[in-house]
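The values are calculated or read from the model by the stated rules, or taken from the named source; none is laboratory data. In this text the structure is predicted, and so the values were computed from the model without any measurement. As a convention, Cβ positions derive from the backbone with ideal geometry for all residues, glycine included, and neighbour counts pool all protein chains shown. Remember, those area values only see protein heavy atoms, side chains included, never the ligands or the DNA or RNA. Shrake-Rupley method; radii C 1.70, N 1.55, O 1.52, S 1.80 Å.
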Amino acid sequence: MTMIFKIAEAADMNELAALYSSLWGSPGSGWDEEYPTAEDISEDISNQDLIIAVRGGSIIGAIAVAGDRGDSHDDSNDSVLFDKRIKRPCDLARIAVKPGLQGKGVGRALLDHAQMNAAHRGFDGVVFYVGRKNERALALYDSCGFRRAGEETRWDMEWFVYDKYFDNEAIELFSSRKRLKALQEKMSAYTHAMESITYDGATSAPKGTAANRAHALGILSGEYYELATGDETAKLLDFLYSRRELLPRAERRQIELLLKEIHRIRSIPQDEYMEYERLVSESDDIWHTAKETNDFELFRPYLERIVDFTRRFASYAAPDRDPYDYWLSEYEEGLTKEKCEEFFSALREGLVPLIKSISHASQFDDDCLHGDFDDSEQENLARFLMDTMLIDTAHCGLATTEHPFTTSLGSHHDERITTNYDRHNFSSSMFSVIHEGGHALYDMGSDESFAYTVLDGGVSMGIHESQSRFYENLLARSKAFISFLSPKLREFIPALAEVDSDMLYRAVNRVQPSLIRTEADEVTYCLHVMVRYEIEKRLMDGSLEVRDIPGEWNRLYKEYLGVDVPDDRRGCLQDSHWAGGAIGYFPSYALGSAYGAQLLDKMMQELDVDKMMKNGDFKEINEWLRSRIWRFGCLCKPGELLEQALGKPFDPSHYISYLTHKYGELYGLSL
C-alpha cells in the first residue's frame with residue numbers, strides 16, 4: 001500500500017507523539033524525553049510545517065519543513081561553508097520514520113515531498129543537522145543529493161550540517177510536479193461530471209431527457225478535449241517526460257498514461273470528438289428503446305455511425321495498425337486478433353469435448369431458480385450480498401438498469417453498481433450483483449494515493465473482468481459458498497423454503513447452451529464471447545455491414561451453441577456495449593475468466609478458500625487480492641501485474657482444468 005502525504009493537523013497529535021517517543025534513544029539521533037517535545041510537535045502543527053506520511057490510515061513518518069528559525073544558516077561559523085547561492089533557506093527537522101519501516105523508502109519519500117513543499121513556499125534551498133553517529137540517516141541524505149556543508153558541535157552533540165540549493169531547473173521540476181497533480185485532478189473532475197450524467201441516464205433519468213444529457217456531454221467533452229490537448233498540457237508533459245528518470249515511479253507511469261491518452265484524443269478533430277460523445281449518449285437511450293420493442297432497425301443508424309467513428313478514430317491514432325487490433329489493445333494492452341485466435345483456439349480444444357460429454361450426461365433441472373420473486377426480496381438479498389462481500393456501502397451505491405454495469409464517479413471514493421431484478425429468475429440479479437460487486441471491490445481497492453490521478457481504478461478490462469467473474473463464478477457458484485448461501489436465501493425469499501443447498505448448487509451450475517450471455521453457464525460462456533468477437537472483427541475490416549448483424553448473429557449462435565435465436569431482443573440487442581462504443585471489449589470477458597482461474601489456483605496454495613466460503617468469510621480473500629491486484633491500480637501494465645501476482649506467465653490451461661474438474665465431477669464424467 002502506497003503512502004499519502006499531507007499536512008499534520010491537531011487531531012494527529014497523539015499519534016505523532018507516539019511516533020516520536022518510539023524513536024527515543026535511536027543511535028546518533030540525540031532524541032530522548034527532552035526532545036522533540038510535545039511543544040515542538042504542537043508548534044510544527046500550528047505553523048502547518050509538519051508533513052506526515054500515512055499508510056493504511058496510520059502515520060508512518062513525519063518531517064518538519066520549518067522556515068529558517070534564526071540559527072541554522074549561520075555564516076559566522078568557519079567550520080560550516082554554506083552554499084552562497086541559498087538566500088532564503090528552509091529548515092528541515094525532526095524527520096521520523098516508524099520503527100520497522102526504516103530503510104524501505106519512507107524517509108526518501110518524505111524528503112522528496114519536503115523539498116517540493118519548501119520550493120512551493122518560495123524557499124531556494126534547505127538546511128538541516130544530522131548526528132555524526134546516525135549512520136543510516138547519513139547514508140540516506142548522501143544518496144539523495146544533499147551536500148555536507150561542514151561540521152558543528154551544539155546541543156552537547158557533534159553534527160554534520162547539510163544543505164541543498166534549488167536551482168531554477170529544480171524549482172521548475174517541483175512546480176511542474178504540482179501542476180501534474182492539478183491537471184489530473186481537473187481531468188478527474190470533468191470525468192466525474194460526465195460519468196454522473198451517463199450514470200443518471202442509465203438508471204433514473206426521465207425517458208425524454210436523452211437529448212438534454214447529450215447536449216451537456218457534448219459541451220463537457222469539448223472542455224475536456226481542450227484541457228487535455230492544450231499547449232500548456234503538452235509543454236508540461238514534454239518537460240516532465242524529458243526528466244522522467246528524476247521522478248518517482250508513480251509519476252513516471254502517470255506521464256506515460258497521460259501521453260498515451262492525449263495522443264489518442266489529439267489525433268481526433270475536436271468537432272468529431274464532441275459529436276461522438278453526443279452520439280453515444282443518444283445511442284444508449286435509443287438502444288434501450290430498441291431492445292424493449294425488439295426493433296433493430298431503430299438502433300441500426302446509430303450503430304452504423306458508431307462503427308464508422310470507431311474505424312476512423314483507429315486510423316487517426318494508429319494509421320499503420322489494423323483497426324480492430326488497435327481497439328482490442330485499448331481494452332487489454334497488447335491484445336491482438338492473433339492473440340485472440342490463439343486463446344480462443346485453446347479454449348475450443350479444451351471446451352468442445354467437455355460440452356459434448358455433458359450433453360450426453362444425465363441433466364438436472366433448474367426449476368428452483370424460476371418463479372415469481374418480488375423486487376423488494378431481491379433488493380434485500382442484493383444488499384446482504386454486498387455486505388457479505390465486505391463492499392463499503394458508504395462509498396458504493398446500488399441502482400437498477402436494463403443492462404447491469406459498474407462505474408466510478410471521479411475516483412474510487414464513489415463507486416456505483418447496478419442490477420436488473422428479473423421477477424421470474426432471482427439468480428439473474430443475484431449473480432449480477434456479485435459480478436458488479438467484484439468490479440467495485442477492484443476499483444475501491446486502489447491505493448489511496450492514486451485518487452484523482454490516472455492511476456486510480458482498474459488497469460485493463462481483462463483484469464477487471466478477472467475480478468468480477470472471480471467473485472461471480474469461482475467463488476459464488478462454488479459448492480462451499482452455496483452451502484453458506486442456501487439458508488440465507490430461504491430467509492430472504494420464502495418461496496425457496498424447500499430448496500436445499502444441493503438443489504441450488506446443481507441449478508446454478510447447470511450447463512445448457514442458451515441465448516443470453518450474462519446468464520450463461522461457465523462452460524458455454526466463452527462461446528457467447530466468441531460470437532461477438534467474430535462479428536466485431538468483421539465490422540472493423542468492413543466485411544460485415546451493420547444491417548447484416550442480426551442474420552450473422554443468429555447464424556453463429558446456431559453454429560456455436562446450437563440454439564435458434566427467436567428475436568433480436570434476445571439476440572444482437574441484448575448487450576449495451578456497442579451502444580456505448582465499446583467495440584473490442586468483449587474478449588476481455590473470456591480472458592478475465594481465464595485469468596481468474598489461475599489466480600484461484602495461486603490463492604488456494606496460500607488460503608483455505610473452501611473453508612472461508614462455507615462461512616461466507618471474504619476478509620482474507622479480499623486482502624489477498626488487494627495486496628496482489630487492487631492496490632496497484634494502473635501502476636503496472638496488465639501483463640506485468642498478472643505475472644507479478646501469479647509468479648509466472650498467464651496460462652489458459654488453468655481455466656480449462658478448472659472447468660473440466662468442476663463439471664466432470666458435477667456431471668459424473670470420466671475425463
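So here's what we get for this one:
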read-out: Test for residue 297: is it out of contact with any strand residue (DSSP E or B) (no Cβ under 8 Å at 6 or more places or on another chain), buried (at least 21 other Cβ atoms within 10 Å of the Cβ) and farther than 28 Å from residue 222 by Cβ; value: no
read-out: Search result, residues across segment 551-565 that are open to solvent by 20 Å² or more (accessible area, probe 1.4 Å) and either in contact (Cβ under 8 Å) with a residue 12 or more places away in the chain or polar (S, T, N, Q) (or both); value: 552, 554, 560, 562, 563, 565
read-out: Subset tally (residues that are part of a loop (DSSP other than H, G, I, E, B) and among the hydroxyl-bearing types (Ser, Thr, Tyr)) for segment 420-442; value: 1
read-out: Residues that are under 25 Å from residue 80 (Cα atoms) and either within 29 Å of the chain's Cα centre (by Cα) or assigned to a helix (DSSP H, G or I) (or both), drawn from segment 118-133; value: 118, 119
read-out: Residues satisfying the stated conditions in segment 613-630, i.e. open to solvent by 20 Å² or more (accessible area, probe 1.4 Å) and part of a helix (DSSP H, G or I); value: 614, 619, 620, 623, 626, 627, 628
read-out: Residue, farthest from residue 638 (Cα to Cα), within segment 258-275, restricted to residues that are open to solvent by less than 40 Å² (accessible area, probe 1.4 Å), in a helix (DSSP H, G or I) and of a type outside the set (Ser, Thr, Tyr); value: 272
read-out: Selection from segment 312-341 of residues that are closer than 30 Å to residue 650 by Cα, in contact with a Pro (Cβ under 7 Å, 6 or more places away or on another chain) and assigned to a helix (DSSP H, G or I); value: 314, 328, 340
read-out: Residue identified as open to solvent by 10 Å² or more (accessible area, probe 1.4 Å), part of a helix (DSSP H, G or I) and either under 28 Å from residue 324 (Cα atoms) or touching a residue at least 12 places away in the same chain (Cβ under 8 Å) (or both) among 575, 610; value: 610
read-out: Long-range neighbours under 6 Å by Cβ, at least six apart or interchain, first residue under 19 Å from residue 663 (Cα atoms) within segment 342-371, second open to solvent by 70 Å² or more (accessible area, probe 1.4 Å) and part of a helix (DSSP H, G or I); value: 364/506
read-out: Cross-chain or 6+ apart pairs with Cβ under 9 Å, segment 487-500 first and part of a helix (DSSP H, G or I), then open to solvent by 60 Å² or more (accessible area, probe 1.4 Å) and not small (Gly, Ala, Ser); value: 490/498; 492/380; 495/372; 496/490
read-out: Contacts under 8 angstrom Cβ, first residue in segment 38-51 being in contact (Cβ under 8 Å) with a residue 60 or more places away in the chain, partner open to solvent by less than 80 Å² (accessible area, probe 1.4 Å) and not small (Gly, Ala, Ser), 6 or more apart; value: 51/5; 51/7; 51/63; 51/65; 51/110; 51/113; 51/117
read-out: In segment 135-159, residue farthest from the chain's Cα centre (by Cα) [restricted to those that are closer than 19 Å to residue 36 by Cα and surrounded by 19 or more Cβ atoms within 10 Å (Cβ to Cβ)]; value: 159
read-out: Residues satisfying the stated conditions in segment 387-404, i.e. under 21 Å from residue 289 (Cα atoms) and either crowded, with 21+ Cβ neighbours inside 10 Å or of a type in the set (Val, Ile, Thr) (or both); value: 400, 401, 404
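Every residue, every condition in (1) buried (at least 24 other Cβ atoms within 10 Å of the Cβ); (2) free of Cβ contacts under 8 Å to residues at least 60 places away in the same chain; (3) of a type outside the set (D, E, K, R), yes or no:
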site	(1), (2), (3)
411	no, no, yes
422	no, yes, no
427	no, no, yes
430	yes, yes, yes
436	yes, yes, no
442	yes, no, yes
455	no, no, yes
